[in-house]
Amino acid sequence: MENLLIGQVNRKPFVAVKQITDICLLVFLFSVVFFPNDTFNTKIVSLGILLLLTIPYLFRPLTADESITVWIGLIYTSIVIIFSIALTGDVMGNIRAGYPGYILMLYPLIKRSGFRFEQWLILLLKVLAVFTIAVAALDVLHIVDLTQNRVIMWFAQSDNAMVGKGAHLPIGIMIFMKTSPMMFLGLFYSLRRKQYISALVFFAALVLSGTRANMLVAIASVVFYMCCLEQSRRLRRISLVVAVTVGLIVIWDGRILDFLYDMFQRKAGSDSVRSGHLKGILEFWAQNPVAFFTGSGFISEFYSYGTNTYLSNIELSYWNLLRQVGLVAFLFFIAVLVVPVIGLSKRSAGNHYILAYLCYLVIAYTNPFLYSSTGFTVILFLYWYCFCEVRKNGAENNGKKIHG
């Protein structure tokens with residue numbers, strides 16, 4: 001009895017740590033999804049606490065998957081930050097820009113704590129999608145005008161969203177929550193589990209974001225999923241027939257093609273700005289060829305012909321990261337992106353998340369979502385699902401087959 005009581009007493013600190021871990025992970029995920037600009041500093045504070053809780057794992061034997069994520073998160077991030085500081089001389093600026101890489105270090109903490117990463121992330125993304133649709137519905141039904149909606153305008157003024165109305169927008173309205181591309185995870189999670197109402201909610205929210213990238217990638221990826229990856233052969237055939245029929249109608253009618261052409265024409269200004277960004281980066285390398293290999297630092301600036309000003313952060317994420325960290329560090333980062341794709345491609349259970357991940361990476365090309373807390377949270381989730389969740393489910397399924 002005495003030994004039992006001692007065991008119960010000894011368990012209390014571990015229970016407390018588990019509770020603190022879960023609370024901090026929830027706060028962190030909530031902040032990443034709803035406040036990417038970290039308006040209340042909850043993201044950086046919760047991440048700091050979580051990283052402190054991760055320190056003990058650095059002094060314990062790590063499994064191969066834990067070692068990969070911890071040392072990539074720690075060593076790679078520290079090297080690029082230190083190198084950026086050496087190049088620019090700005091300590092705090094480079095730390096603020098480079099810290100998202102440390103998010104990968106949370107992997108062993110999430111794995112060993114048993115935190116329900118997938119369930120919580122999908123739930124938060126669903127709330128984000130419902131919120132987007134609700135704001136749009138209030139405007140369409142003339143209950144609360146979009147520009148008079150204090151809640152969504154607060155998100156816009158705090159730089160957590162972009163909001164607008166007008167003929168210059170693809171669908172006349174924009175409710176672009178700045179983490180909306182993460183909703184592709186929820187979209188294909190729902191399709192995989194045949195939760196078609198939830199999938200429709202995510203799809204509608206992506207369309208209502210008002211960006212060409214979200215809308216077109218959502219349409220193309222859903223068609224591809226239903227025609228190629230859907231588990232039901234009958235439903236795949238039906239989807240293929242519907243897709244071909246709709247495609248022929250679009251070509252025959254011509255009005256939708258005119259709409260798409262008009263949509264791209266209205267956004268020609270944005271494309272011109274991006275072209276000017278790229279021209280400026282190429283000119284920067286022509287004048288500083290060594291910087292192509294070494295990088296110029298996270299907060300370094302270059303002259304952009306898109307805005308005719310000096311900038312450090314632009315929407316062309318891949319080009320800008322290459323400019324900041326240099327070729328060697330950039331290629332290593334690309335390898336980090338590819339690892340979970342290779343891992344999940346060997347298991348059919350992960351095909352839906354591969355597609356969601358690729359959608360996110362495509363959209364990140366023209367948006368600053370790559371090297372960010374949003375981007376690294378998506379990467380962390382894919383590593384967790386690839387190395388932890390899929391293997392766990394596979395082991396459980398094998399166990400059921402054996403005992404069955």
* Structure fact -> So the helices (runs of 4 or more DSSP H) completely within the stretch 316-404 holding 3 or more residues that are at pLDDT 95 or above and open to solvent by less than 60 Å² (accessible area, probe 1.4 Å) are 317-345, 351-363, 373-384
* Find the residue count for the stretch 111-128, including only residues that are open to solvent by 60 Å² or more (accessible area, probe 1.4 Å) and touching a strand residue (DSSP E or B) at 6+ places or on another chain (Cβ under 8 Å). => 0
* Asked: Within the stretch 56-68, can one find any residue that is of a type in the set (F, W, Y), at pLDDT 90 or above and out of contact with any helix residue (DSSP H, G or I) (no Cβ under 7 Å at 6 or more places or on another chain)?
  -> no
* Working only within the stretch 77-87, note down all residues that are within 13 Å of G326 (Cβ to Cβ) and open to solvent by less than 50 Å² (accessible area, probe 1.4 Å). => V80, S84
* Restricting the search to the stretch 160-189, which residues are at pLDDT below 95 and either part of a helix (DSSP H, G or I) or surrounded by fewer than 16 Cβ atoms within 10 Å (Cβ to Cβ) (or both)? -> G164, K165, G166, A167, H168, I171, G172
* Asked: Checking I299 against (1) open to solvent by 40 Å² or more (accessible area, probe 1.4 Å); (2) not in a loop (DSSP other than H, G, I, E, B), which single condition isn't satisfied?
  -> (2)
* Out of (1) basic (K, R); (2) open to solvent by less than 70 Å² (accessible area, probe 1.4 Å); (3) at pLDDT below 90, the odd one out for R255 is which? -> (2)
* Pairs with Cβ under 9 Å, 6+ apart, first in the stretch 12-40 and under 17 Å from G375 (Cα atoms), second modelled with pLDDT under 95 and of a type in the set (S, T, Y) -> L25/S113
* Hits in the stretch 129-155 (condition: open to solvent by less than 30 Å² (accessible area, probe 1.4 Å) and either in contact with a strand residue (DSSP E or B) (Cβ under 6 Å, 6 or more places away or on another chain) or more than 18 Å from V32 (Cβ to Cβ) (or both)) -> T132, V135, A136, D139, L146, N149, I152, F155
* Structure fact -> Y310 meets each of (1) without any contact (Cβ under 8 Å) to a residue 24 or more places away in the chain; (2) part of a helix (DSSP H, G or I) with one exception, condition (2)
* Kindly list, by first and then second residue, each pair from a residue in the stretch 202-228 that is over 18 Å from S270 (Cβ atoms) to a residue that is polar (S, T, N, Q) and open to solvent by less than 40 Å² (accessible area, probe 1.4 Å), limited to pairs with Cβ atoms under 6 Å and residues at least 6 apart or on different chains. => A205/T132; L206/N214; L208/T132; M226/S239; C227/S239
* Asked: Quick check: is even one residue across the stretch 343-356 closer than 23 Å to G73 by Cβ and among the basic types (K, R)?
  -> no
* Pull up the stretch 213-246, narrow it to residues that are open to solvent by less than 30 Å² (accessible area, probe 1.4 Å), assigned to a helix (DSSP H, G or I) and not aliphatic (A, V, I, L, M), then point me to the one that is nearest to L169 (Cα to Cα). => N214
* Asked: What is the residue count in the stretch 141-170 for residues that are more than 26 Å from the chain's Cα centre (by Cα) and free of Cβ contacts under 8 Å to residues at least 12 places away in the same chain?
  -> 8
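The values are calculated or read from the model by the stated rules, or taken from the named source; none is laboratory data. Note that the coordinates shown come from a computational prediction; the quantities given were computed from them, not determined experimentally. Here Cβ is always computed from backbone atoms with ideal geometry, including for glycine, and neighbour counts include all displayed protein chains. All accessible areas refer to the heavy atoms of the entire protein, side chains included, with ligands and DNA or RNA removed. Shrake-Rupley method; radii C 1.70, N 1.55, O 1.52, S 1.80 Å.
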